[in-house]
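Asks: One structure coming up, written as C-alpha cells, with questions to follow.
The values are calculated or read from the model by the stated rules, or taken from the named source; none is laboratory data. What you see is a predicted model, and the numbers here were worked out from it, not measured in a lab. Counting neighbours? That spans all protein chains shown, and the Cβs are built from the backbone with ideal geometry, glycine included. Each accessible area value is taken on the protein alone, full model and side chains, heavy atoms only, with ligands, DNA and RNA left out. Shrake-Rupley method; radii C 1.70, N 1.55, O 1.52, S 1.80 Å.
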Amino acid sequence: MTHDTSTQPDSRAADTQSTGQTVWGRLTTWGPYHALMRLATASPRRQFLILAIFPILWVLTQHLGPMLQMLRVSFTDSYPVAADVELTFTLDNYVRFFGDSIFWMPFFRTLVFAGVFTFCTLIITYPVAYFLARHVSRKNQMLFLLILLIPFWVGEIVRTYAIMILLGNTGAVNLVLETFGLIDQPIPFMYTSFSMGVGIVYLTALYMLLPLYSALEKLPKSMNEAAADLGAGAWSRFRRVSLPLTIEGISSGCTLVFLISTGFYATPVLLGGPSTTVFSETIAGFFHVAGDEWPTGAAFATIMFAAALIITAVFQKIMRSLRKGEQK
C-alpha cells in the first residue's frame, strides 16, 4: 500500500503559516494589547510621540548630553575632581582664551580655513552634482552615486594617508609632472596649507555633493528649456535658473562642510605643518596633559563650537534672504 507524500511539505507549511496567523490574531485580539494600542494611537499627537521618542532620546543622550557635560566641565577648576576635593566653578578657563593672544591665531585660522575649504568644495562638487543630476539617465544615477560613495566606506585616517601618498615627493602627482618634464625636482606639496586643503576637501566632498545632487535632481528640466526658448544662453540659464533654485542645497551643503571642517583633528595633524596649526590641535593639547588642563580644553572647545554656530546662523540667514529675494 502506497502513501502519497507529495502534499506533506505543503501541509506542514500551511500549518506553520496558520499557526503564525493564529498567534498574531490572538495577540491583536488580546484585551490588554488592544486597549494599549487604542490608547497609544488615540490621537495624532500620541502617534507622533511614539515615533519621535527614540530620535529624541538619541539626540539627548548621544549629542546634547555630551555637549552639556563639556560645558559643565569648562566651568570647573579641575577635572576629574578628586574624592577629597570640593568642586568649584570658575570663569578663568574662558578668561585664559580672551586674555592670551597666542590662542587667537589658530582660532581665526581655523575659521578662515573652514570658510575657504567650504567654498572650494562647493566649486569642485557643484559641476559633478550637476552632471550627475542633469546629464546621467535616472537608471544610471544610483550606479554613479555608488561609485562616488565607495571611497567614503574607508575611515578618515586611511583616506588621509592616501592623500599623503598622492602628494609625497615620490607620489603620483610629482611622478606625473616629472614624467612630462614639467618639473626637475619634486614639489614639496606636503605639510602645507595646500595639502591640508586637499585632504579636507576630499574628506568633506560627499557632504556637499549629496545636498547639491538632491536639489538639482528635483529641478524640472522644463524650466531650463523654457529659458532657452526665450533666448537665454547657457551661462544665463545657470545664473538665473539653476543656481537660484538650488540655493537650499548649497546652504545645506556649505553648512555641513563648514561645521565638519572646524572640528577636523587627524587630517590637519597628518597633512599640515607648523604654519597650519588649527584650533582643534590646540584643544587636544590640553587633553594630553594632566586633568587640571581639561577644563581649559573644554572651554576652548565650547568657544569654537559657539563661534561655528554663530557663523552658520548668519550664513543661513543670508541664504534665507537670498531665497526670499529670488521668490519675489
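Asks: For the list (1) open to solvent by 50 Å² or more (accessible area, probe 1.4 Å); (2) among the small types (Gly, Ala, Ser); (3) outside any helix (DSSP H, G or I), I need the number of the one condition that Ala232 fails.
Replies: Looking at each condition in turn, Ala232 falls short on (1).
Asks: Since Glu281 meets every condition but one in (1) of a type in the set (D, E, K, R); (2) closer than 27 Å to Ile163 by Cα; (3) over 25 Å from the mean Cα position of the chain (by Cα), which condition does it not meet?
Replies: That leaves (3) as the condition not met.
Asks: Residues that are surrounded by fewer than 12 Cβ atoms within 10 Å (Cβ to Cβ) and among the charged types (D, E, K, R): list the helices (runs of 4 or more DSSP H) wholly contained in segment 41-131 that include at least 1 such residues.
Replies: The qualifying helices (runs of 4 or more DSSP H) are 44-59.
Asks: So which residues in segment 185-208 are touching a Leu at 6+ places or on another chain (Cβ under 8 Å), surrounded by fewer than 19 Cβ atoms within 10 Å (Cβ to Cβ) and either on the phi > 0 side of the Ramachandran plot or hydroxyl-bearing (Ser, Thr, Tyr) (or both)?
Replies: Tyr191
Asks: Moving to a separate point now. Looking at this structure, is Gln21 exposed (fewer than 10 other Cβ atoms within 10 Å of the Cβ), in a helix (DSSP H, G or I) and either at pLDDT 90 or above or not aromatic (Phe, Trp, Tyr) (or both)?
Replies: no
Asks: Name the residue, out of Leu148, Leu177, Leu182, Leu143, that is more than 26 Å from Tyr265 (Cα to Cα), open to solvent by less than 80 Å² (accessible area, probe 1.4 Å) and either in contact (Cβ under 8 Å) with a residue 60 or more places away in the chain or out of contact with any helix residue (DSSP H, G or I) (no Cβ under 8 Å at 6 or more places or on another chain) (or both).
Replies: Leu177
Asks: Of these, Met164, Met142, which one is part of a helix (DSSP H, G or I), farther than 30 Å from Ser242 by Cα and within 28 Å of the chain's Cα centre (by Cα)?
Replies: Met164
Asks: Could you tell me whether Met223 is free of Cβ contacts under 8 Å to residues at least 24 places away in the same chain and either under 30 Å from Val158 (Cα atoms) or open to solvent by 20 Å² or more (accessible area, probe 1.4 Å) (or both)?
Replies: Against the criterion (free of Cβ contacts under 8 Å to residues at least 24 places away in the same chain and either under 30 Å from Val158 (Cα atoms) or open to solvent by 20 Å² or more (accessible area, probe 1.4 Å) (or both)), Met223 qualifies.
Asks: I've got another one for you. Kindly list the number of the only condition in (1) open to solvent by less than 10 Å² (accessible area, probe 1.4 Å); (2) over 16 Å from Met70 (Cβ atoms) that fails for Gly273.
Replies: Going through (1) open to solvent by less than 10 Å² (accessible area, probe 1.4 Å); (2) over 16 Å from Met70 (Cβ atoms) one by one, Gly273 breaks only (1).
Asks: Based on what the data block shows, is Leu212 in contact (Cβ under 8 Å) with a residue 12 or more places away in the chain, open to solvent by less than 70 Å² (accessible area, probe 1.4 Å), aliphatic (A, V, I, L, M) and farther than 30 Å from Ile102 by Cβ?
Replies: Yes: the conditions hold for Leu212.
Asks: State yes or no: is Glu248 touching a residue at least 12 places away in the same chain (Cβ under 8 Å), open to solvent by less than 60 Å² (accessible area, probe 1.4 Å) and touching a helix residue (DSSP H, G or I) at 6+ places or on another chain (Cβ under 7 Å)?
Replies: no
Asks: Kindly check whether there is at least one residue in segment 314-328 that is open to solvent by 50 Å² or more (accessible area, probe 1.4 Å), in a loop (DSSP other than H, G, I, E, B), of a type in the set (D, E, K, R) and modelled with pLDDT under 90.
Replies: The answer is yes, given that some residue of segment 314-328 is open to solvent by 50 Å² or more (accessible area, probe 1.4 Å), in a loop (DSSP other than H, G, I, E, B), of a type in the set (D, E, K, R) and modelled with pLDDT under 90.
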